[in-house]
Amino acid sequence: MTNVDINCDLGEGYGPYRMGDDAALMKVITSANIACGFHAGDPSIMVKTVQLAIDNGVDIGAHVGFADIQGFGRRPLNLDASELRAMTWYQLGALQGIARAAGKKVQHVTFHGALGNMCFAEAELAATLMAAIKAFDASLTIIAPPMTEMETAALNAGLPVKRVVFADRAYDDHGLLVSRKLPGAVIHESEAVIERVVRMFQDSAITSQSGKRMPVSIDSVLVHGDTPGAADLAALVRARLQQSGLQVRPISQHRN
């Protein structure tokens, strides 16, 4: 039986402000990408989110982003290699420290917003980020979209790699996400999201907006937690994947 991970970006609040129902999502997903304080999150939220993950048997992952709380990390920053390394180590160190204090460890790394989009498309930046992660902890799994510079850089660095598809985001003909500024970039209809996720796993392929079919390996699906009804949608996605014969479990439990 094929394994599939369901991951989600969580801990994306700040102070008294919250985005999404993390408690409900933790009961459905298997891996949590936790904001590390730069695009969202603060120490208290990180501690609470890590504990939620532990309580629900969910893998803990670092969701690394640009230092841009006001723009929610969706605005690109022009940083040099030394700055990219430092911000990556800072965020990984913060989350790893909290996880270790709770008796667990960070299992994987993903990138948020503008940093993620740049890592998907820019080879030099992706290589810098992967080198930083390898220097920090070479056992960390990189959850990367297939057909991206991020995937290539992680493989070149010798890091463990698992491939992720996005449940509610459209793809272009190069396998990259369509910009949120363009029509149809985000798919809002629940049934359409569920059907395309199941089809991607059944076909081992993603299909672009124009209809181009691109065969890929898939280990995980990302559901966004900051949209209305996210927990209900994630539960439906999980149920449909299980009905199609897939075993839903964290990436740390997948066989290589």
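Every number in this text was worked out from the coordinates using simple rules, so none of it is lab data. None of the values given here were measured: they were computed from a predicted structure. In this analysis, Cβ positions are derived from the backbone assuming ideal geometry, glycine residues included, and neighbour counts consider all displayed protein chains.
Enter the per residue convex hull volume of the chain, computed from alpha-carbon coordinates, in Å³ rounded to the nearest integer.
116 Å³
How large is the dipole of the chain about the Cα centre if only Lys and Arg carry +1 and Asp and Glu carry -1, each at its Cβ, rounded to the nearest 20 debye?
440 debye
Considering only 101, 73, 221, whose Cα is most displaced toward the positive end of the charge dipole of the range 3-253, charges sitting on Cβ of Lys, Arg (+1) and Asp, Glu (-1)?
Checking the options against the dipole of the range 3-253, the answer is 101.
Could you order the peptides 208-218, 235-245 from most to least packed, using the average number of other C-beta atoms within 10 Å per residue?
Put in order of decreasing packing, that is 235-245, 208-218.
Note down the net charge around residue 171, summing +1 for each Lys or Arg and -1 for each Asp or Glu among other residues with Cβ under 12 Å from its Cβ. It would help to have the intermediate numbers written out before the result.
Details: positive: 169, 196, 212, 213; negative: 168, 172, 173.
Charge balance in the 12 Å sphere: +1.
Peptides 179-190, 12-23: what's the order by average Cβ count within 10 Å, highest mean first?
12-23, 179-190
Mind pulling the per residue volume of the convex hull built on the Cα atoms of the range 37-165? Å³ is fine.
99 Å³
Determine the gain in length on full extension of the stretch residue 18-residue 156; use 0.36 nm per residue of separation and subtract their C-alpha separation, reporting nm with one decimal.
45.9 nm
So what's the back-of-envelope 222 nm ellipticity for the chain, counting only DSSP H runs of four-plus at -39500 (n - 2.57) apiece and dividing by all residues, rounded to 500? Present the calculation step by step, with values, prior to reporting the outcome.
Values: 8 runs with 98 residues, N = 256.
Mean residue ellipticity, 222 nm, calculated: -12000 deg cm²/dmol.
Could you tell me the relative contact order of the range 3-253? Use alpha-carbon pairs under 8 Å, at least six residues apart, and round to a whole percent.
So the answer I get is 23 percent.
So if I take the centroid of the Cα atoms in the range 35-51 and the same for the range 194-256, what is the distance between those two points in Å?
Their Cα centres are 26 Å away from one another.
Residue 47 label point, 7 Å along Cα→Cβ, cut-off 15 Å on backbone N: hits in the range 8-35?
The answer is 15-16, whose backbone nitrogens lie closer than 15 Å to the label point.
Are there any helices in the chain, counted as whole DSSP H runs, that stretch 15 Å or more along their axis by Cα and score at least -1.0 on average by Kyte-Doolittle, and if so which?
Once both thresholds are applied, what remains is 43-55, 81-101, 123-136, 190-203, 230-243.
For the range 159-256, what is the convex hull volume of its Cα atoms per residue in Å³?
Details: hull volume 11.9 nm³, N = 98.
Looking at the range 159-256, the number lands at 121 Å³ per residue.
To one decimal place, what orientation-averaged projected area in nm² is obtained for the convex hull of the Cα set of the range 203-254?
Its Cα hull, projected and averaged over all orientations, spans 4.8 nm².
What ranking do 141-150, 43-52 get when scored by the average of other Cβ atoms within 10 Å per residue, highest first?
Result, highest mean first: 141-150, 43-52.
Counting alpha carbon pairs within less than 8 Å and at least 6 residues apart, what relative contact order, in whole percent, applies to the range 128-256? All intermediate terms of the calculation are to be shown ahead of the outcome.
Values: 166 pairs, mean separation 26.8, N = 129.
Reported as a whole number, the value is 21 percent.
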